[in-house]
Amino acid sequence: MRHTTPFNEPFLYPLSRWVPERGTGLGFLGANPNEYFISIDFHKPEGQALVKKLAAKSDVFVENYRPGTFDRWGIGYRQLKEINPRLIYCWLGGFGGWGPGRVRASYDILGQSQGGNFGMTGKQEFMGGAPAKHTIWLADYWGGMMGATQILAALYWRDHISGQGTFTEYSQVHGVTRQLEYALPLYGRHGITRERWGNWDTQLCVHGIIKCGKSSYPNSENPQELEEGYILISAYEDKDFARLCKAVGESTLATKYAKADIRIKAESQMEIYPALEKWAADKTKEQVAAAMDANNILNQPVWNAKEVANHPHWNERGAVRWLDDPTYGELLHQGPAYKMSATPPRLKWSLKPVGADNERILGELAGLTPADIRRLEEQETI
């Protein structure tokens, strides 16, 4: 493995520590490939002037400060559209630009809490469960995707219809409410609050994750790998459920719950899933998967990062690959999530230290000379 310096590894770990002289940590990886990194102090007049110079040559401007903050600094949409009428200004706020909660700061976990996600994620009440946070920053990633969709729509409108830029707003919390599926209409029509249902499904059965009794790595020195495995089993159609019951030796369940309308009931699932876990108690997830495959039953072992990283399907498609990053050395990294026949996407670098591209970007787009760069650095404007 190539290291850019003898101190390369501290640049990547621990996750919660800002990296000395890099301004980033491992948690920043994966979300910022191929981006240029500049640094500007928005509070200072010269920093604000730089923002205006960049906006004059930009198609899109994105920020997620509290509502009105950039406007107060003189670099909001009102000011920037006078400099560049074709500018698309995308504000990714927490709660929206108006309403009683507009001035609150939002983070991913707060957005998921207020948006309603946590009210229906986590184990069932009778299993002693509690709301469960999504491990990834789901609200943040969702916000980036929705913001990009807004921007594409605004660019089409500008380039093909109006000739003018526009202001777009995306609320992180509002976005989370879009993930509630049928929970809102269910409450609106019947006054029923959708509850947590763990790793099972409220609309299909069997269509959930069960616990296996044995570890896939019994000789591992990693305590996490010594844990029992889990596997998704999907056999919700009547014929599939019949095959599943035959495979696990549950003829009684096959007769009692032969129809989907009966299986889907909560009390039915509370009998079916424990029976499946009892059958899997002396097996690894791979052994359960083999049994399901032999009976043509859809399944998928729950993989960890190690198993994903070493799976030939993802390696062959480039979904997981090694990247020789110019700053951080050789990294195991996600590849582009999409394919394009005429213009294949590239992965050039993972991320850079904050301010690494000041000279290039501020020189090319804002007209700064090397002397200007040095002066602004000494003033801590950049």
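Going through region 102-114 one residue at a time, which ones are under 23 Å from the mean Cα position of the chain (by Cα), of a type outside the set (A, V, I, L, M, F, W, C) and under 18 Å from Glu169 (Cβ atoms)?
Within region 102-114, Arg104, Ser106, Gly111, Gln114 meet the criteria.
Which members of region 210-227 meet the condition of being free of Cβ contacts under 8 Å to residues at least 40 places away in the same chain and within 23 Å of Met127 (Cα to Cα)?
Once the filter is applied, which keeps residues that are free of Cβ contacts under 8 Å to residues at least 40 places away in the same chain and within 23 Å of Met127 (Cα to Cα), region 210-227 yields only Glu227.
So, in region 67-101, of the ones that are charged (D, E, K, R) and surrounded by fewer than 16 Cβ atoms within 10 Å (Cβ to Cβ), which residue ends up farthest from the chain's Cα centre (by Cα)?
Ranking the qualifying residues of region 67-101, first place goes to Glu82.
Can you give me the number of residues within region 122-176 that are among the polar types (S, T, N, Q) and more than 17 Å from Phe61 (Cβ to Cβ)?
5
Please verify whether region 154-169 includes one or more residues that are aromatic (Phe, Trp, Tyr) and outside any helix (DSSP H, G or I).
Yes, region 154-169 contains a residue that is aromatic (Phe, Trp, Tyr) and outside any helix (DSSP H, G or I).
For Trp142, work out the one condition from (1) hydrophobic (A, V, I, L, M, F, W, C); (2) in contact with a helix residue (DSSP H, G or I) (Cβ under 7 Å, 6 or more places away or on another chain); (3) at pLDDT 90 or above; (4) in a helix (DSSP H, G or I) it doesn't fulfil.
For Trp142, the exception is condition (3).
For region 28-50, enumerate the residues that are of a type in the set (A, V, I, L, M) and within 17 Å of His333 (Cβ to Cβ).
Leu29, Ala31
Considering only residues that are closer than 29 Å to Lys339 by Cβ, small (Gly, Ala, Ser) and over 21 Å from the mean Cα position of the chain (by Cα), which ones fall in region 268-323?
Across region 268-323, the qualifying residue is only Ala289.
Of the residues that sit in region 75-134 and are among the β-branched types (Val, Ile, Thr), in contact with a helix residue (DSSP H, G or I) (Cβ under 9 Å, 6 or more places away or on another chain) and assigned to a loop (DSSP other than H, G, I, E, B), which one is modelled with the lowest pLDDT?
Ranking the candidates gives Thr121 first.
Give the residues of region 356-376 that are out of contact with any helix residue (DSSP H, G or I) (no Cβ under 7 Å at 6 or more places or on another chain), charged (D, E, K, R) and touching a residue at least 12 places away in the same chain (Cβ under 8 Å), sorted by residue number.
Matches in region 356-376: Asp357, Arg360.
Mind checking whether some residue in region 319-334 is touching a Gly at 6+ places or on another chain (Cβ under 6 Å) and among the small types (Gly, Ala, Ser)?
yes
Of the numbered conditions (1) at pLDDT 95 or above; (2) surrounded by fewer than 12 Cβ atoms within 10 Å (Cβ to Cβ), Ile361 satisfies every one except a single condition; which is it?
(2)
Would you mind telling me which numbered condition in (1) under 30 Å from Tyr217 (Cα atoms); (2) within 34 Å of the chain's Cα centre (by Cα) Lys265 fails?
So Lys265 meets the others, but not (1).
Applying the selection to region 206-235, what residues are in contact with a Lys or Arg (Cβ under 8 Å, 6 or more places away or on another chain), of a type in the set (A, V, I, L, M, F, W, C) and more than 16 Å from Asn304 (Cα to Cα)?
Scanning region 206-235 gives Val206, Ala235.
Within region 301-319, track down each residue that is surrounded by 14 or more Cβ atoms within 10 Å (Cβ to Cβ) and farther than 25 Å from Ile209 by Cα.
Within region 301-319, Asn315, Gly318 meet the criteria.
Among the residues of region 102-119 satisfying the criterion of being surrounded by fewer than 18 Cβ atoms within 10 Å (Cβ to Cβ) and hydrophobic (A, V, I, L, M, F, W, C), which is farthest from Thr202 (Cα to Cα)?
Restricting to residues being surrounded by fewer than 18 Cβ atoms within 10 Å (Cβ to Cβ) and hydrophobic (A, V, I, L, M, F, W, C), the top hit is Val103.
Would you check which residues across region 185-204 are touching a residue at least 12 places away in the same chain (Cβ under 8 Å) and either touching a Ser or Thr at 6+ places or on another chain (Cβ under 7 Å) or exposed (fewer than 14 other Cβ atoms within 10 Å of the Cβ) (or both) and list them?
Within region 185-204, Thr193, Arg196, Gln203 qualify.
The values are calculated or read from the model by the stated rules, or taken from the named source; none is laboratory data. Bear in mind the structure is a predicted one, so any value in this text is a computation, not a measurement. Cβ sites come from the backbone with ideal geometry, for glycine too, and all protein chains shown count toward neighbours.
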